[in-house]
Amino acid sequence: MNGAIAYDSLIAAPPGTVLVGRKVIAFDEIDSTNIYALDHCEDGLVIVADRQTAGRGRLGRTWHSAPGLGLWFTVALEGHLEGLSFAAALAVRDALAPRVALKIKWPNDLLCHGKKICGILVEHRAGRTALGIGLNVHHTAEDFPAELRAKAGSLESELGGTWDRAEVLRAILTELDRSIILLRGGGLVEVHRTWAQACAMAGRIIRCNGVEGRVLEIEGRGALVVDAADGRHLIFSGDLEFLDGH
Amino acid sequence: MDFSELKELIRILEQSGLSELEVEENGRRIRLHKAGAVPAAAPLIAHAAPVVLEASHAPRPLNAHGHAPAAEEDPAGGLPTFDSPMVGTFYRSPSPESDVFVKVGDRVEENQTICIVEAMKLMNEVGAKFAGIVEKILVENAQAVEFGQPLFAVRRVD
């Protein structure tokens, strides 16, 4: 089922959340759900699109958001919320937990069988937040560009079975609603602890931003503390590679 | 302990009658003392002595660069600055292929996006605090920046 119609069941019967997804707008096609959210912010509004023509990843990299294949959506929020990207990774993991045990790759990619199936990008502009989530659902290996096939997967390519994007979205929104309310109520420490445990980074040997070494811990802001040959480094962003296997 | 917290500690020590201050956090101990400080009974000469920084088990305090903050001349040349709102990586354009948000000599309006600071896939668009002309860009693209670190020196225009 392609187009915005894929989400009709969710729009007809909203998820019953307090904040996130009280209102859901579905588009056949949009430039980017994050851009729409930053331009038309309404607290808790969810924008979902069957296809994004300018879906973005980190550093403006293209996010492959082909029609009919994935769940591409954004939650618009008023204000900035520390820990949101951690809470979002946990929410996606927990929403899918009844069917699959996804792993979180620091900081907030979700992996299935070692392949990335979900990416999260939070954007802040002038007191507004766009929490963008892209989850690959119906892709086969051939749907990914050749250079990504070894690294990217979808729920169906990795797990088989049938997946209804509207119902996956409903489950994620339900989890996100709880965790965003928790964060707004001062639950950052709890969210951070759960997320840091899920990342399981302590002791891993990594390379990131030209730094190679052993991860000592994830510190309070979420950065990696890495013990390298030339001393300790704090890593706040970058492409993380594991040098000790998956 | 981040750079701004460290600066706050230095400020507290400078303005206090103390000659030494020691803080321990997450297993790292930082001791600050005023150079040339004399026993507490002696009269205090405020601001006469610079504050010297020592970290006990690390040779220097750790920041996002892995480098110690160093006292240096004001790179902004006395102009007001737009500062980083967070620790992260500074980007002058929304993507590597895009044009930069602002160049030296550009006029920016209040709240106009001037750069992005990213940390942990949170892309934070930084807006101009006031209208002005960008006179200097104080950090390189893709460089790690601290909370409160000056990014742009800007001449105010009304």
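The values are calculated or read from the model by the stated rules, or taken from the named source; none is laboratory data. Note that the structure is predicted; figures quoted are calculated from it, not measured. Cβ: placed from backbone, ideal geometry, glycine included. Neighbour counts: every protein chain shown. Note: areas computed on protein heavy atoms with side chains; ligands, DNA, RNA excluded. Shrake-Rupley method; radii C 1.70, N 1.55, O 1.52, S 1.80 Å.
Take the cross-link list A:Lys103/B:Lys121; A:Lys23/A:Lys151; A:Lys105/B:Lys129; A:Lys105/B:Lys103; A:Lys23/A:Lys105; A:Lys23/B:Lys129 and give me the ones stretching past 24 Å between alpha-carbons.
On the way: A:Lys103/B:Lys121 17 Å; A:Lys23/A:Lys151 34 Å; A:Lys105/B:Lys129 36 Å; A:Lys105/B:Lys103 36 Å; A:Lys23/A:Lys105 30 Å; A:Lys23/B:Lys129 33 Å.
Correct reply: A:Lys23/A:Lys151; A:Lys105/B:Lys129; A:Lys105/B:Lys103; A:Lys23/A:Lys105; A:Lys23/B:Lys129.
Across the Cα atoms of the range A:201-242, what radius of gyration and what greatest pairwise Cα-Cα distance (Dmax) are found, in Å?
Just the Cα atoms of the range A:201-242 yield Rg and Dmax of 8.8, 24 Å.
Quick one: which bits of the range B:95-125 get at least 50 Å² less accessible when the partner protein chains are in, versus the chain alone, with a 1.4 Å probe?
Residues passing the criterion (a loss of at least 50 Å², heavy atoms only) are B:Met120, B:Lys121, B:Leu122, B:Met123, B:Glu125.
Suppose only helical runs count, i.e. DSSP H with n ≥ 4. What mean residue ellipticity at 222 nm does that imply for chain A under -39500 (n - 2.57) per run, divided by all residues and rounded to the nearest 500 deg cm²/dmol? Numbers along the way, then the final one.
Values: 6 runs with 62 residues, N = 246.
Per the formula, -7500 deg cm²/dmol.
Compute the distance in nm between two label points, each set 7 Å from the Cα along the Cα-to-Cβ direction, one at A:His80 and one at A:Glu29.
3.5 nm
HN-Hα J couplings of the range A:65-71 from phi, Karplus 6.51/-1.76/1.60, θ = phi - 60°, integer Hz, Gly and Pro as x?
Coupling constants for the range A:65-71: 10, 6, x, x, 10, x, 9 Hz.
Report the gain in length on full extension from A:Arg184 to A:Ala146: 0.36 nm times residue separation, minus Cα-Cα distance, nm rounded to one decimal.
9.5 nm
Around A:Ala141, what is the net charge, scoring Lys/Arg as +1 and Asp/Glu as -1 over all other residues with Cβ under 15 Å from its Cβ?
Net of charged neighbours comes to -1.
Long-range amide H contacts for A:Gly57: which residues qualify at under 5 Å (H placed 1.01 Å from N, peptide plane, sequence gap of 5 or more or a different chain)?
A:Thr62, A:Trp63
For the interface of chains B and A, what total accessible area is buried with a 1.4 Å probe, rounded to the nearest 100 Å²?
Roughly 2100 Å².
Ignoring ligands, DNA and RNA, what accessible area per residue does the range A:8-198 give at 1.4 Å, in Å²?
Using a 1.4 Å probe on heavy atoms only, each residue of the range A:8-198 averages 40 Å².
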